[in-house]
1. May I ask you to list the residues in the range 97-155 that are in a strand (DSSP E or B) and at pLDDT 95 or above?
2. Is it the case that LEU403 is surrounded by 11 or more Cβ atoms within 10 Å (Cβ to Cβ), in contact (Cβ under 8 Å) with a residue 24 or more places away in the chain and either outside any loop (DSSP other than H, G, I, E, B) or touching a helix residue (DSSP H, G or I) at 6+ places or on another chain (Cβ under 8 Å) (or both)?
3. I need the full set of residues from the range 189-238 which are of a type in the set (Ser, Thr, Tyr), closer than 30 Å to ILE97 by Cβ and touching a residue at least 24 places away in the same chain (Cβ under 8 Å), in order please.
4. Where residues in the range 444-492 are touching a strand residue (DSSP E or B) at 6+ places or on another chain (Cβ under 9 Å) and part of a helix (DSSP H, G or I), which of them is surrounded by the most Cβ atoms within 10 Å (Cβ to Cβ)?
5. How many of the residues making up the range 408-436 are in a strand (DSSP E or B) and closer than 20 Å to SER391 by Cβ?
6. Here is a list of conditions, (1) under 27 Å from the mean Cα position of the chain (by Cα); (2) on the phi < 0 side of the Ramachandran plot; (3) not aliphatic (A, V, I, L, M), and LYS380 meets all of them except one; can you say which number that is?
7. Based on this model, can you work out whether PHE507 counts as in contact (Cβ under 8 Å) with a residue 24 or more places away in the chain, assigned to a strand (DSSP E or B) and not basic (Lys, Arg)?
8. For the range 68-124, what are the residues that are of a type in the set (Asp, Glu), within 28 Å of THR257 (Cβ to Cβ) and either surrounded by fewer than 21 Cβ atoms within 10 Å (Cβ to Cβ) or over 24 Å from the mean Cα position of the chain (by Cα) (or both)?
Amino acid sequence: MKYVSYVLFLAGSILTGDAGYAQLNKNIAGPLDSLVQQLPTSGPGGVLIIAQKGQQLYHREFGYANLEHQTPITNETVFEAASVSKQFAATAALLLIKNNQLSLEDDVRKYVPELPDYGTKITIRHLLTHTSGLKDWRNVTYLTNLPTGYRLFNQQDAIDVICRQSNLNYKPGERYSYTNAGYDLIGIIVERITKKTFRDFVKENLLNPAGMSNSNFRGKYTDIIKNIATSYAGTPGNYQVGYTIDETYGAAGLLTTADDLRKWNEFINGKAGEAVKEMRLERYVLNNGDTITYANGGVWVNHIHNIKEITHSGLIAGYRALTVFYPEYDLSISYMSNTRNIITGDLHAEVFNILFGKKYKTPLPKANTVSFQEGELKNKTGQYYSLEDLSEYLTFSVSDNVLLNYQAPLKPITKNSFIYETTVYEFSVTGDTLLLNRNGAAVTLHRATDFNPSEKELKEFTGNFYSSDVDVTLQFKITNNKLVIYRNAADSVILTPAYRRGNEFSFRGFDHGLRVVYTFTKPAKGAITDIMAHLPRANHIPFKRKK
C-alpha cells in the first residue's frame with residue numbers, strides 16, 4: 001500500500017507571503033509527512049488537507065477505503081461526517097433567520113408542538129448552542145436492549161424519544177451540555193418551515209453553492225453511495241466493520257469528502273458566509289453571564305495562543321471527521337477517516353504544533369516523588385457525586401499511602417495535584433465539597449455516604465419498574481449477592497452500591513458500555529416505588545414500580 005501525497009505549493013512562499021502570516025512554519029511538508037507516515041499503511045486510513053487562501057498547501061491520502069477489496073482511499077472517497085454535520089444544520093437555520101422565517105429567540109414549541117411544555121421557554125438559540133437542557137436522545141436509548149448503533153433509528157424515532165422525556169437535565173441557558181437532540185430538532189424545524197426535505201434544502205442552499213459535488217445528507221440506510229468508505233473498528237490484524245445503522249439528520253448525516261469540507265471551510269468563512277457570519281460565530285452567554293465556546297453556527301470558537309480557531313469534530317461508527325479554520329490566516333484544515341484509531345483531537349493538536357510552532361495542549365507534567373505523612377491523604381478520600389451530572393460518581397481511597405481513583409493509582413505532582421492516566425487532577429477540599437480541576441476544567445463534587453447493603457437489605461431494591469420516558473420495563477433481581485437489572489434473560493446489567501444521600505440510595509453500572517447511576521428513593525414506610533436513572537447527558541429519567 002502506498003501513500004498518495006501532494007504538496008501543491010511551496011509552503012514557505014505562501015505562508016510568509018505577507019506579514020500577517022509570519023508566525024506560520026515555513027516548511028510544513030516534511031513534518032506533516034512524518035506525522036502521517038506514523039499511521040498504519042495496510043489498514044483503513046483517511047485524507048488530510050491543509051489550504052490557505054483557496055490554495056492547497058498539503059494533501060495526503062492514505063490507507064484503504066475497503067479492506068475486503070483493498071480499495072485505496074482517494075480524493076473522491078466519501079465518509080460520514082458525523083457531528084461535523086451540525087454546522088450545516090446550524091447554517092440552514094441561520095439562513096431562515098436571515099430571511100425572517102425564523103428567530104433565534106423563537107420558542108421551539110412553535111414549530112415542534114409535540115415537544116412537552118416544561119414550564120420554561122426553549123429557544124432556537126438554545127438548540128444551536130447545546131444549552132437547551134434537553135437530554136441527548138441517543139444516550140437515553142442505552143436503557144433499552146437495542147440502543148442507537150444496535151438498531152436502525154430514523155428521524156421520527158429520534159423525535160419520538162426526544163418528546164417522550166418528561167423533564168429536562170437543567171433549566172435552559174443554565175449550562176452547556178452537548179446533546180444531539182437539539183440538532184435533530186433543527187432538522188425537523190427546517191423541513192416544517194421550508195416545506196422541503198432537509199436534504200434538498202441543504203443541497204440547494206449550501207452544498208451546491210459551496211461546490212461540494214461529492215456531498216449529500218444521508219437518505220435511506222439501504223441507499224447505494226458512490227465511493228463511500230467502509231468504516232472499521234479494532235486494531236491491525238483484528239479489524240471489524242463498524243456499521244452506521246442510522247437515518248437521522250441534523251446532528252449527523254452528512255456524507256462528504258475531505259476536499260468538499262475544504263470547500264465548505266472556504267465558502268462559509270469567506271464572502272459567501274458574510275450574511276450569517278456574525279450570528280454564526282456568536283458564542284452563547286449563560287444565565288450566570290459566563291460565555292461558552294460553542295457558537296450558533298454549530299462550531300467551537302476558541303483562542304489558542306491568541307490565535308482564533310473555528311472548529312468541530314465528529315465520530316460515528318468507525319468514521320472520524322474534523323474541520324478547523326483560522327480566519328486571521330485564511331487557513332483551513334479538513335480531515336476524514338474510516339478508522340477510530342486515529343484520534344482527531346490528537347491529530348488536530350499535532351497539526352497545530354507543526355503549523356504554528358506552539359503546543360496546542362499543555363504538556364502533561366511529570367510525576368514527582370512526593371512524600372505523604374501517614375493519614376495526610378485521608379481528606380481526599382471518599383465517595384463524591386456531581387449535581388450537574390448525576391451519572392458521575394468518583395471514589396477515592398488510600399492503599400499503602402497511595403491515593404487511588406477506584407483501583408487506579410494517582411501519581412503525585414504536588415501535595416494536591418495528581419496524574420490520572422492522561423488527566424491532571426487538582427484537589428481542593430472544603431468540608432464535604434471537592435473542587436476537582438481536571439486538565440483545567442473545574443467540577444464541583446459533593447461528598448456522599450457509602451453503603452454496603454446485605455443480601456437481605458438488597459431485597460428492598462428488587463422488583464419491576466417501568467419508564468414511560470424510555471418505554472422499557474427493568475427487572476431488578478438479586479443474583480450472586482448482586483443487584484442485577486434484566487431486560488430479558490440474555491440482557492443484564494450488574495449494579496454496584498455507590499452511595500446514599502438521605503433517603504436516596506444509588507447504584508452504579510455500565511449499560512452497553514455507558515455509565516449509569518440508578519437512584520432509589522426510599523419512603524418512610526412501604527416499598528420503594530420511585531427510581532431515577534442518570535446517564536451522561538441524560539439525567540433524571542424516572543421509573544415507577546409496576547403493580
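1. Kept after step one, since they are in a strand (DSSP E or B), are these residues of the range 97-155: 107, 123, 148, 151, 153-154.
Residues satisfying the conditions are ASP107, THR123, PHE153, ASN154.
2. Working: surrounded by 11 or more Cβ atoms within 10 Å (Cβ to Cβ): yes; in contact (Cβ under 8 Å) with a residue 24 or more places away in the chain: yes; either outside any loop (DSSP other than H, G, I, E, B) or touching a helix residue (DSSP H, G or I) at 6+ places or on another chain (Cβ under 8 Å) (or both): yes.
For LEU403, the condition - surrounded by 11 or more Cβ atoms within 10 Å (Cβ to Cβ), in contact (Cβ under 8 Å) with a residue 24 or more places away in the chain and either outside any loop (DSSP other than H, G, I, E, B) or touching a helix residue (DSSP H, G or I) at 6+ places or on another chain (Cβ under 8 Å) (or both) - is met.
3. To start, the set of residues in the range 189-238 that are of a type in the set (Ser, Thr, Tyr) comprises 194, 197, 213, 215, 221-222, 230-232, 235.
Among the residues that remain, those that are also closer than 30 Å to ILE97 by Cβ are: 194, 197, 213, 215.
Passing the criteria: THR194, SER213, SER215.
4. PHE461
5. As a first pass, look at the range 408-436 and keep what is in a strand (DSSP E or B): 408-409, 411-412, 417-420, 423-430, 433-436.
Cutting the leftovers down to closer than 20 Å to SER391 by Cβ gives us 408, 420, 423, 425, 433-436.
Here the count works out to 8.
6. Going through (1) under 27 Å from the mean Cα position of the chain (by Cα); (2) on the phi < 0 side of the Ramachandran plot; (3) not aliphatic (A, V, I, L, M) one by one, LYS380 breaks only (1).
7. Numbers: in contact (Cβ under 8 Å) with a residue 24 or more places away in the chain: yes; assigned to a strand (DSSP E or B): yes; not basic (Lys, Arg): yes.
When the stated conditions are applied, PHE507 passes them.
8. So the first thing to find is which residues in the range 68-124 are of a type in the set (Asp, Glu), and the list is 68, 76, 80, 105-107, 114, 117.
Remaining after also requiring within 28 Å of THR257 (Cβ to Cβ): 68, 76, 80.
Result: GLU68, GLU76.
The values are calculated or read from the model by the stated rules, or taken from the named source; none is laboratory data. As the structure is a prediction and not an experimental result, all values here were calculated from the model. Cβ: placed from backbone, ideal geometry, glycine included. Neighbour counts: every protein chain shown.
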